[in-house]
Amino acid sequence: MESEKGAILDSTALKKYLLLKPEAEEYYPFDDHTAVFKVQGKMFALLVKKQGQLLLNLKCAPDHAIELRDIFPEVIPAYHMNKRHWNSVILDGDLPMGEIERLIDHSYGLVVKGLKKSIRDGLEVRYGKPSLYVGSYS
């Protein structure tokens, strides 16, 4: 029971952090339990429970995605996503929240960089580059 409660608290804190990103929005296009987080209509995160495990799918630079999988056993090729560009993070409490936040920042920055120039420029004017590209390095 305690671990289930812990997962719920982690999920709530995670959603809060995801929604702090500029213009981030939460959707439930698949079912009532699979949360998709988007910026300007483009997904940067997906939070899903699969076989009792909470997973957070995040976009990642391909070389960095492989590095992360080699370093952290909680980072695996993404469930139901392009495994070259997406990782799943197993949210079992072993990976520090700071590392999860860094991975979220990286994913968000990659998605913003991939937006049409006019949309990206608008975000940069409204929020400034430092708040959009925290954790990006590609």
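Of the peptides 112-119, 88-95, the order by per-residue mean of other Cβ atoms within 10 Å, starting with the highest, comes out as 88-95, 112-119. Computed from the coordinates I sent, Kirkwood radius over Cα pairs in Å equals one of (i) 15.2; (ii) 19.6; (iii) 17.3. Tell me the label. Here the calculated entry is (i).
Just so you know, all these numbers are worked out from the coordinates, no wet-lab data involved. Owing to the predicted nature of the structure, the values given are computational and were not obtained by experimental measurement. Virtual Cβ from ideal backbone geometry, glycine too; neighbours counted across all protein chains shown.
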